[in-house]
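First the structure, in the form of structure tokens, and then the observations on it.
The values are calculated or read from the model by the stated rules, or taken from the named source; none is laboratory data. Here the structure is a predicted model, which means the values were calculated and not measured. Cβ coordinates were reconstructed from backbone atoms using ideal geometry, including for glycine residues, and neighbour counts include every protein chain displayed. The area values use the complete protein model at the heavy-atom level, side chains included, leaving out ligands, DNA and RNA. Shrake-Rupley method; radii C 1.70, N 1.55, O 1.52, S 1.80 Å.
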There are 2 protein chains.
Amino acid sequence: MNSKQKTVAVLGNGVVGVAVAKGFAELGYRVIFGTRDVSGGKTRDALQAVPGATAASFAEAAKAADLAFIALPWNGLRAGLELAGAQNLAGKIVIDATNPLDLSSGTPRSALGTDDSAGEIVQRMLPEARVVKALNIITSSHMVHPKLPDGTPDMIIAGNDAAAKAAVDAILQGFGWRQAIDLGDITACRLIEPFALVWISYAFKNNHWTHAFSLLNQKAA
Amino acid sequence: MNSKQKTVAVLGNGVVGVAVAKGFAELGYRVIFGTRDVSGGKTRDALQAVPGATAASFAEAAKAADLAFIALPWNGLRAGLELAGAQNLAGKIVIDATNPLDLSSGTPRSALGTDDSAGEIVQRMLPEARVVKALNIITSSHMVHPKLPDGTPDMIIAGNDAAAKAAVDAILQGFGWRQAIDLGDITACRLIEPFALVWISYAFKNNHWTHAFSLLNQKAA
């Protein structure tokens, strides 16, 4: 094993977790899935889908990780992070792809209104982690290799730590995104998460899930 | 004069009103600016900028129009529509480009929260008009001829009347947009107007105003 190989803890082993785990494995990361059920069928399926990956408890995965990716459903977010343990993620980059979806009305809407966001909840629960919001405005199958027939999309990100955002930009470009669009500190999740509702509403209205946004004419670097 | 020539009432003669008036004039429309001050300097400037345009009171412009474009600032929206008169716009397409911006905190946010929108306010004030939200996610200089070096953007729209949305799609394509993206009935403004905040936040953060979104890999028609 390459001693410089980085380890990513993918917290959650559903379709999102498996998709990004494959992407990280392609980039040379060691993948550890964090899960409640290390020996369950869902975990077995995830491990089969990602050669070389292993599974551990949320806490063990978080502790072993150089960085973590939150691939938990909204209703499992808080419990998953409590199991992972804030101390195990202190100082580490934590990518949060969560959308606080309320589908109870039949129309997708935010479960949090305009004065909070999932990204901020994650940052509050992991106060010493370097949380970066990313990949919440895309379907799981296009989180990695998002190139589309009419262009390569961009992903909007936010977070308090500039170096962490630069690292996530590099990861996203490694995954095949054109660029990360930095919208500001973690409170910008109050804009990024509602933006995901535009993506989701288009999907529901058209029963079409493989669309993605690009921001044309960005400011020159 | 072409007897089939359509008349557009552009309600407001600031930078947005002048920009779209030029676009409508290019498409062959007769332009009437609706204004509080028909003989004022701002109106004179607008008329000079749009050859062939005339100016009238909000009510006269609305009455003469085949369709109307709302180019009013958020804090002048209700008063302008009251002056225009709901009866003068009954049955007509009304394009609303308003953003309910609250900049008082220093961070752009919605003045309306998540349970209402400017588009719905317009539709409630003009109950018999065929309101279509459009052109609220772009700077005035790119509302017409929005083509950018790296692509041609799309504009998201919403409204209750399918025929009106199809007509607005044709107008937008005439202006040079790739396509209108229909997000649903007028309540979808609860998503489209917050989406504008993403555009605006990027502009504020980067002091850069000429960006625009495209939706890649749309559902085939």
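Here are the numbers:
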item	result
Matching residues in region A:16-52 - criterion: being under 16 Å from the mean Cα position of the chain (by Cα) and charged (D, E, K, R)	A:Lys22
Qualifying residue in region A:173-190 (condition: among the aromatic types (Phe, Trp, Tyr), within 12 Å of another protein chain (Cβ to nearest Cβ) and within 30 Å of B:Ala111 (Cα to Cα))	no
Hits in region A:191-208 - residues which are of a type in the set (A, V, I, L, M), more than 8 Å from chain B (Cβ to nearest Cβ) and over 14 Å from the mean Cα position of the chain (by Cα)	A:Ile200, A:Ala203
Any pair with Cβ under 9 angstrom, 6 or more apart, that starts in region A:115-136 at a residue that is closer than 18 Å to A:Val16 by Cβ and ends at one that is open to solvent by 30 Å² or more (accessible area, probe 1.4 Å) and aliphatic (A, V, I, L, M)	A:Ala118/A:Ala111; A:Ala118/A:Leu112; A:Ile121/A:Leu112; A:Val132/A:Ala167; A:Leu135/A:Val16
Selected residue [small (Gly, Ala, Ser) and within 16 Å of the chain's Cα centre (by Cα)] from B:Ala64, B:Ala68	B:Ala68
Close pairs (7 angstrom Cβ cut-off, 6 or more residues apart or separate chains): farther than 24 Å from B:Ala212 by Cβ in region A:154-170, of a type in the set (A, V, I, L, M, F, W, C) and in a helix (DSSP H, G or I) anywhere	A:Gly159/A:Ile186; A:Asn160/A:Ile186
Test: B:Ala220 is over 16 Å from the mean Cα position of the chain (by Cα) and within 12 Å of chain A (Cβ to nearest Cβ)	yes
